[in-house]
1. Any idea of the accessible area per residue across the chain, 1.4 Å probe, to the nearest Å²?
2. Leaving ligands, DNA and RNA out of it, report the carbon-plus-sulfur percent of the accessible area of the chain at a 1.4 Å probe.
3. So what is the calculated 222 nm ellipticity per residue for the chain, using -39500 (n - 2.57) for each DSSP H run with n of 4 or more, over all residues, to the nearest 500 deg cm²/dmol?
4. Treating the angle as unsigned and between 0 and 90°, give the value, to the nearest 10°, between the Cα long axis of helix 56-67 and the longest Cα principal axis of the chain.
5. Would you indicate which of (i) 170; (ii) 92; (iii) 123 is the value of volume of the Cα convex hull per residue in Å³ derived from the coordinates of this structure?
Amino acid sequence: MDADDEAVRLTAWVRGRVQGVGFRWWVRARALELGLAGSATNLPDGRVEVVAEGPRAKCRRLLDLLDGDAAEPARPGKVTGVTERWTEPRGEAAGFHER
């Protein structure tokens, strides 16, 4: 199996103006386009936690969209930083949810 096809779990904590601007909805749409399962959750400290499971290459693409400047369609809000963690998949339920 190619490393890009390996199933992984990406947890990303996104900082900036990412709550109350449609950011979680935007993340859900991008994740579903990529065929990923998981969630986007507002945290009490103002960050959004994004959990995505699927092929490593697709998770990497989502991470690029979260942190990159050329996200299309345009990413709402303003991202000032992303912290990531890669782990073994836990078997997220199908679909991608806003929490």
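1. 55 Å²
2. Within the chain, the accessible surface is 47 percent carbon and sulfur.
3. -7500 deg cm²/dmol
4. Once rounded, one gets 10 degrees.
5. (ii)
The values are calculated or read from the model by the stated rules, or taken from the named source; none is laboratory data. It should be emphasised that the depicted structure is a prediction, and the values quoted were computed from it without experimental measurement. Remember, those area values only see protein heavy atoms, side chains included, never the ligands or the DNA or RNA. Shrake-Rupley method; radii C 1.70, N 1.55, O 1.52, S 1.80 Å.
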